[in-house]
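As structure tokens, the structure follows; a few thoughts come after it.
Read the figures in this text as sums done on the coordinates, not as results from a lab. No experiment lies behind these values; they were computed from the predicted model shown. FYI the Cβ positions are ideal-geometry reconstructions off the backbone, even for glycines, and counts take in every protein chain you see.
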Amino acid sequence: MDREYAQPLDVEALARGVHMSAGHLSRQFKAVYGESPYSYLMTRRIERAMALLRRGDLSVTEVCFEVGCSSLGTFSTRFSELVGMPPSEYRTAHAEGGAEPPSCITKAVTRPVRNR
């Protein structure tokens, strides 16, 4: 999921790959990662969307589809939940203007955190 975040999530196929039922895989995944496979995937997508929006060369709609979301409304809602502001506002507030810090620093500082 980390590498192929833009692909549709198929829990059944993932479960077959590790010889588990989809329900068991989902329970085990949540026990290890603290969220469902779908929530984990959406967090990765939002993380990537944040990086694309900081670049500033794509519209919010283009970013939405680039990260694998098929609904702009769902993307915007999830983005706002995780980041605390809508994607358009984030893009305006965080557009790159100068030298960028190393990606490992940017990733650690901007990682979205799910409100529990």
Within the stretch 9-91, GluC sites (Glu not before Pro) in DSSP loop having at most 16 other beta-carbon neighbours inside 10 Å: E35
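With viscosity set to 0.692 mPa s and temperature to 37 °C, compute the Stokes-Einstein D of the stretch 11-110, Rh being the Kirkwood radius across alpha carbon pairs; µm²/s, no decimals.
Details: Rh = 14.9 Å.
Roughly 220 µm²/s, to the nearest whole number.
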The stretch 46-96-the stretch 1-15 distance, computed between alpha-carbon centres (Å): 20
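So, counting K/R as plus one and D/E as minus one, what does the shell of residues with Cβ under 14 Å around V67 add up to? Intermediate values should be presented prior to the final figure.
Values: positive: R3, R44, R45, R48, R54, R55, R78, R91; negative: D2, E4, E47, E62, E66.
Net local charge, V67 excluded: +3.
Given a Förster distance of 25 angstrom, what is the FRET efficiency for T61 paired with E35, based on the Cβ-Cβ distance and rounded to 0.05?
Details: r = 26 Å, r/R0 = 1.05.
With a Förster radius of 25 Å, E is 0.40.
What is the calculated FRET efficiency for M20 to T77, with r their C-beta to C-beta distance and R₀ = 30 Å, to the nearest 0.05? Don't jump to the answer; show the numbers that get you there.
Numbers: r = 30 Å, r/R0 = 1.01.
After rounding, the FRET efficiency stands at 0.50.
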